[in-house]
Amino acid sequence: MTDRRHQLGAWGEAVAARFLEERGFVILERNVRTRYGELDIVAREGETLVFIEVRTKSHTTFGHPFETIDGRKIRKLQGMARWYLHARRLGEGTACRFDAVAVIGSEERCDIEHLRNVIS
């Protein structure tokens, strides 16, 4: 990944975390490395553990950020979530869901979209 793309992604994750906190989410961890990849944000909303995928783009000329969440990415997110639950010794009965946040724009102006329960 290029340095510019890495910076854009890190900025988008910070924007997404602030956005979620303003809406009552408690951010537990960010950038959790697993054997399957990296969980962008792990948070709690009430009693629910939420795994949040953040997608950041400077524009939508080549598509919306949510369009990049395909079947392969969903399987990867599920594997990372299972790993996280096991590694943190959280019970199988833990209420979980997967959300996605799209950040589109730049530091001067950006739009943020939040999709709840992207994997049913």
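For the chain, the relative contact order comes to 24 percent (Cα pairs under 8 Å, sequence separation of at least 6). Seen from E45, the other residues with C-beta closer than 10 Å to its C-beta sum to a net charge of +2, counting Lys and Arg as +1 and Asp and Glu as -1. Please give the helix 71-87 orientation as an angle from the longest Cα principal axis of the chain, in degrees from 0 to 90, rounded to the nearest 10. Roughly 50 degrees between the two axes. As a length-normalised measure over Cα pairs under 8 Å and 6 or more apart, the relative contact order of the stretch 1-49 settles at 27 percent. Taking trypsin sites (Lys or Arg not before Pro) across the stretch 8-72, the ones in a DSSP loop with at most 14 further Cβ atoms lying within 10 angstrom of their Cβ are R23, R35. Of the GluC sites (Glu not before Pro) in the stretch 27-120, the ones in a loop by DSSP (not H, G, I, E or B) with at most 10 other beta carbons within 10 Å are E47, E92, E107, E108. Computed over the chain, the per-residue total of -39500 (n - 2.57) for DSSP H runs of n ≥ 4 gives a 222 nm mean residue ellipticity of -10500 deg cm²/dmol, rounded to 500.
With K and R counted +1 and D and E -1, the other residues having a Cβ less than 14 Å from that of K76 yield a net charge of +3. From the largest down, the chain spans 42, 30, 26 angstrom on the principal axes of its Cα atoms.
Charged neighbours of T34, selected by a Cβ distance under 10 Å, balance to +3 (K, R count +1; D, E count -1).
Values quoted throughout were computed directly from the atomic coordinates according to the rules given, and no laboratory measurement underlies them. In this text the structure is predicted, and so the values were computed from the model without any measurement. Every residue, glycine as well, gets a Cβ built from its backbone with ideal geometry; the counts of neighbours run over all protein chains shown.
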